[in-house]
Amino acid sequence: MKFHQITTKASALAAISVALLFAAGPASAHCDGLDGPVITSARQALDTGNVNRVLIWVPHTDEAQIKDAFRKTIEVRELNPSARELADSYFFETLVRVHRAAEGAPYTGIKPAGRDPGPAVMAGDKALETGSVEPLAKLLTQAVHKSVGGQFKDVIAKKNYKADDVAAGQEYVKAYVGYIHSVERIYEAAASSPHGQVPEPTAAAHQH
C-alpha cells in the first residue's frame with residue numbers, strides 16, 4: 001500500500017475516532033436500533049459499496065455529509081478488523097443522527113438489537129410485511145378506546161358536582177381539560193402529515 005493511501009486512511013480513522021468519542025449515550029427510537037431499518041440499510045450499503053442504499057433515509061441537503069462519512073468508512077474498513085468495527089459504528093451513528101435530526105428528534109446513541117420497540121411499532125412493521133393493515137388498525141382503535149374511554153368515564157363521574165362545591169368543580173375541570181386535550185392530540189396525530197411533518201397539536205394552544 002502506498003504511503004499517501006496509508007496516511008489518507010489514517011486521517012479518516014482519526015476523524016472517525018473523534019466523532020465516536022463525542023457520540024451521545026443510549027437511544028430511544030425504533031430507527032436507532034442495531035436491527036432497525038436505518039442500520040440494516042447501512043449494512044447493505046457498506047457490504048455492496050453502494051451509498052444510495054442509505055441516502056433514502058436523509059434529506060437531499062444532508063446527502064453530502066452522508067457520502068463523506070461513507071467514503072471515510074470504506075477507507076478505514078480496509079485497515080484491519082478492529083478498524084472495520086470502529087468505522088462501521090461511526091457510520092451507523094452518523095447516519096442515525098442525521099436521520100433523527102431531519103425528523104426533529106434528538107439523537108442519544110444506538111440501541112442494542114433484540115429490544116422490544118413496543119406493540120405499535122411491531123404491529124406497524126408486521127402490517128407492512130403481511131400487506132394487511134387490519135390488525136394494526138384494530139390495535140390502535142383498542143388503545144384509543146381504552147385511553148379516551150377511561151378519561152370520558154372520569155369526566156362523567158365528576159360532572160354533576162354541586163354549584164357551591166368549588167373543590168369538586170375544580171376536579172371536574174381538571175378531568176375535562178385532560179380529556180379534551182387527549183381527544184385533540186389523538187385527532188391531530190391521525191390527521192397530520194406523514195413522518196416527520198406533524199404540526200403542533202391544537203391542544204397546545206387550546207387554553208381552557
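For Thr61, the conditions (1) at pLDDT 85 or above; (2) more than 26 Å from Leu128 (Cβ to Cβ); (3) not aliphatic (A, V, I, L, M); (4) not in a helix (DSSP H, G or I) are fulfilled apart from (4).
Out of segment 117-142, which residues are assigned to a loop (DSSP other than H, G, I, E, B) and either touching a helix residue (DSSP H, G or I) at 6+ places or on another chain (Cβ under 8 Å) or among the aliphatic types (A, V, I, L, M) (or both)? Residues satisfying the conditions are Pro117, Val133. So, Leu128, is that one over 22 Å from Trp57 (Cα atoms) and outside the structural domain of Thr61 (by TED's automatic domain parsing) or not? Judged against the criteria, Leu128 is not a match. Filtering segment 74-87 to residues that are within 18 Å of Gly49 (Cβ to Cβ), assigned to a helix (DSSP H, G or I) and in contact (Cβ under 8 Å) with a residue 60 or more places away in the chain leaves Glu75, Val76, Ala83, Ala87. In the set (1) of a type in the set (Gly, Ala, Ser); (2) modelled with pLDDT under 90; (3) surrounded by fewer than 18 Cβ atoms within 10 Å (Cβ to Cβ), Gly49 fails one condition alone, (2). As for segment 144-160, it holds at least one residue that is farther than 26 Å from Gly36 by Cβ, out of contact with any Pro (no Cβ under 8 Å at 6 or more places or on another chain) and part of a loop (DSSP other than H, G, I, E, B).
Within the span defined as segment 157-174, every residue fails to be at pLDDT below 95, of a type in the set (A, V, I, L, M), in contact with an Asp or Glu (Cβ under 7 Å, 6 or more places away or on another chain) and surrounded by 10 or more Cβ atoms within 10 Å (Cβ to Cβ). A single entry from Ala87, Ala102, Ala83 fulfils the requirement of being surrounded by fewer than 17 Cβ atoms within 10 Å (Cβ to Cβ), closer than 24 Å to Asp35 by Cβ and either among the β-branched types (Val, Ile, Thr) or modelled with pLDDT under 95 (or both): Ala102.
In the set (1) under 25 Å from Lys126 (Cβ atoms); (2) modelled with pLDDT under 90, the condition left unmet by Arg43 is number (2).
The values are calculated or read from the model by the stated rules, or taken from the named source; none is laboratory data. Since the model is a prediction, treat every value here as computed from it, not as a measurement. Please note: Cβ atoms are built from the backbone with ideal geometry, for glycine as well, and neighbour counts cover all protein chains shown.
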